[in-house]
Amino acid sequence: MSSRVSLIVVAAGRGARLGAATPKQYLACAGKPLICHALEALAAARAYCAATVVIHPDDRARYESALAFLSPAAAAAFGSPALGGDSRQQSVRAGLEAQCDAAPDLVLIHDAARVFPSAALIERAVAAAERFGAAAPGAPLSDTVKQVDGDGRVVAAPDRAALRAVQTPQAFRFPLILEAHRRAAAAGVDGLTDDAAVAAWAGHATYVFDGDPANVKVTTMDDLSAAEARLIDAAADVRVGQGFDVHAFAVGDHVWLGGVRIPHDRSLAGHSDADVCLHALADALYGALGDGDIGAHFPPSDPRWRGADSSIFLSHAADRVRARGGLVAHLDATLICEAPKIGPHREAMRARIAEIGAIALDRVAVKATTSEGLGFAGRREGIACLAAATIRLPAR
Ligand code: MG
């Protein structure tokens, strides 16, 4: 029988070494919070019987907003977060205690700041836990290592060949590491910096398996820039899609444009809320994906979409991008109408579109023009919208 494997992602750190006000795991990196990249890579690698992110109690709102950026597969894999403690040890223990009911055979414990855990590394971790009970991935050192005293005087020169730089995910038999953490906590031992050290403290032999030098930890702003460059590089399949939509005016007292309700002396007719702007933007995303159009995903013949809030169309299209491991780089809409005036509502529309698409505000544009009185828009018979979307997909 194959082992039941659970996963704990430790994300409760305050990131003091990075010097930013926001903990590093929530800083934007290649279009989404850093933590999302780690969670998506882990979720893509294999299935887990339980998957728990341990967050700091002060980060609940940050974590909630990060969830909106996750691929649907990763969002489904991770349940409610566990709340961490003041030390790494306390945080891991909170994650372990949260998984007792799931009774895993093995657990992988990973740091959220390592955003490149490969599927091959995950499988090596599982195999090492099955074989050894307690194991950590390690990479050979390329630098020569010296041990120094307080004055910087070299007191020893350890043999580099026998040394390993240890990473995560570390891998354990679940009962072994749970008991080790409980005993350490009961003994008041709280300063151990990784879980292999906790297992060793509890008297277990711990082993090192082949790590992955590419699975670097983001610790400094330079690391963050390097990680972003690598992620952008991996999403090098850049695509631009276009969308176009028209809705006619009908009797009413408001229109929906860009997810914002705007008072007007007419309304727009349509099967849904007739938000011509969100429809054009959704089609631009479907176009970039080569994934049909809004009518194919949400047939007008389906009564479920009668009067629907059009935000569901745009968020669906953005989710389709994330489901492909991609990111939305840009959304741009041009409304064509004589009235209502768009300018006073532009910023509210941008903010709402950014929220629906789960992208940064500076990646959203809303513009407007009249058609100089010409054509149907000029005759105030309806509103047209042109849209463009840029997405980045993995280049594989
Ligand atoms: Mg439409």
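The values are calculated or read from the model by the stated rules, or taken from the named source; none is laboratory data. Note that the structure is a prediction, hence the values are computed from the model and not measured. Neighbour counts are summed over all protein chains in view; Cβ atoms, including those assigned to glycine, are modelled from backbone coordinates with ideal geometry.
Of all the criteria given as (1) modelled with pLDDT of 95 or more; (2) away from the ligand (no atom under 16 Å from the Cβ); (3) on the phi > 0 side of the Ramachandran plot, the one not satisfied by Arg352 is (3).
Here's the yes/no breakdown for (1) touching a Gly at 6+ places or on another chain (Cβ under 7 Å); (2) over 11 Å from Asp212 (Cα atoms):
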position	(1), (2)
Val107	no, yes
Asp111	no, yes
Ala120	no, no
Arg124	no, no
Glu130	no, yes
Gly138	yes, no
Leu141	no, yes
Val148	no, yes
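Please go through segment 153-185 and give me each residue that is out of contact with any strand residue (DSSP E or B) (no Cβ under 9 Å at 6 or more places or on another chain) and modelled with pLDDT under 95, ordered by number. Asp159, Ala162 - these are the residues of segment 153-185 that are out of contact with any strand residue (DSSP E or B) (no Cβ under 9 Å at 6 or more places or on another chain) and modelled with pLDDT under 95.
Inspect all residues belonging to segment 255-262 and state whether any of them is over 28 Å from the mean Cα position of the chain (by Cα) and without any contact (Cβ under 8 Å) to a residue 60 or more places away in the chain. Looking through segment 255-262, at least one residue is over 28 Å from the mean Cα position of the chain (by Cα) and without any contact (Cβ under 8 Å) to a residue 60 or more places away in the chain.
As a summary of the residue check, Asp245 satisfies the conditions (1) touching a Phe, Trp or Tyr at 6+ places or on another chain (Cβ under 7 Å); (2) closer than 26 Å to Ala368 by Cα except for the one numbered (1).
Of the residues Ala308, Ala317, only one is within 14 Å of the ligand (Cβ to nearest atom) and part of a loop (DSSP other than H, G, I, E, B); which? Lay out the reasoning, then the answer.
Values: Ala317 fails: part of a loop (DSSP other than H, G, I, E, B).
Unique residue meeting the criteria: Ala308.
Identify, from the list Ala76, Ala21, Ala38, Ala43, the residue that is assigned by TED's automatic domain parsing to the domain that holds Thr168, farther than 25 Å from Val166 by Cα and either in a helix (DSSP H, G or I) or in contact with an Asp or Glu (Cβ under 9 Å, 6 or more places away or on another chain) (or both). Break it down stepwise before answering.
Numbers: Ala21 fails: either in a helix (DSSP H, G or I) or in contact with an Asp or Glu (Cβ under 9 Å, 6 or more places away or on another chain) (or both); Ala38 fails: farther than 25 Å from Val166 by Cα; Ala43 fails: farther than 25 Å from Val166 by Cα.
When all the criteria are applied, what remains is Ala76.
Screening segment 226-272 for residues that are within 16 Å of the ligand (Cβ to nearest atom) and modelled with pLDDT under 95 and picking the one that is surrounded by the fewest Cβ atoms within 10 Å (Cβ to Cβ) gives His271.
In summary, Ala197 fulfils each of the numbered conditions (1) assigned to a loop (DSSP other than H, G, I, E, B); (2) out of contact with any helix residue (DSSP H, G or I) (no Cβ under 6 Å at 6 or more places or on another chain); (3) closer than 16 Å to His110 by Cα with the single exception of condition (1).
Just checking, does segment 80-88 include any residue being touching a Phe, Trp or Tyr at 6+ places or on another chain (Cβ under 8 Å), closer than 23 Å to Val198 by Cα and assigned to a loop (DSSP other than H, G, I, E, B)? Within segment 80-88 (the criterion being touching a Phe, Trp or Tyr at 6+ places or on another chain (Cβ under 8 Å), closer than 23 Å to Val198 by Cα and assigned to a loop (DSSP other than H, G, I, E, B)), the answer is yes, since at least one residue qualifies.
How about segment 154-187: which of its residues are assigned to a helix (DSSP H, G or I) and without any contact (Cβ under 8 Å) to a residue 60 or more places away in the chain?
Start the filter on segment 154-187 by keeping residues that are assigned to a helix (DSSP H, G or I), which leaves 160-162, 174-186.
Result: Arg160, Ala161, Ala162, Pro175, Leu176, Glu179, Ala180, Arg183, Ala186.
If you filter segment 273-305 down to residues that are of a type in the set (D, E, K, R) and either out of contact with any strand residue (DSSP E or B) (no Cβ under 9 Å at 6 or more places or on another chain) or away from the ligand (no atom under 13 Å from the Cβ) (or both), you find that the one that is nearest to Cys385 (Cα to Cα) is Asp291.
Determine whether segment 195-206 contains at least one residue that is in contact with a Phe, Trp or Tyr (Cβ under 6 Å, 6 or more places away or on another chain), over 18 Å from Leu331 (Cα atoms) and modelled with pLDDT of 95 or more. Scanning segment 195-206 turns up no residue that is in contact with a Phe, Trp or Tyr (Cβ under 6 Å, 6 or more places away or on another chain), over 18 Å from Leu331 (Cα atoms) and modelled with pLDDT of 95 or more.
Could you check, for segment 199-219, whether at least one of its residues is assigned by TED's automatic domain parsing to the domain that holds Val10, more than 30 Å from Phe132 (Cα to Cα), polar (S, T, N, Q) and in contact (Cβ under 8 Å) with a residue 24 or more places away in the chain? Can you show your working first?
So in segment 199-219, the residues assigned by TED's automatic domain parsing to the domain that holds Val10 come out as 199-219.
Subsequent filtering for residues that are more than 30 Å from Phe132 (Cα to Cα) retains none.
So far as segment 199-219 goes, no, none of its residues is assigned by TED's automatic domain parsing to the domain that holds Val10, more than 30 Å from Phe132 (Cα to Cα), polar (S, T, N, Q) and in contact (Cβ under 8 Å) with a residue 24 or more places away in the chain.
For segment 350-389, a tally of residues being assigned to a loop (DSSP other than H, G, I, E, B) and either in contact with a strand residue (DSSP E or B) (Cβ under 7 Å, 6 or more places away or on another chain) or more than 27 Å from Ala318 (Cβ to Cβ) (or both) returns 10.
If I filter segment 137-153 for residues that are crowded, with 20+ Cβ neighbours inside 10 Å and under 25 Å from Leu39 (Cα atoms), do I get at least one hit? Among the residues of segment 137-153, at least one is crowded, with 20+ Cβ neighbours inside 10 Å and under 25 Å from Leu39 (Cα atoms), which makes the answer yes.
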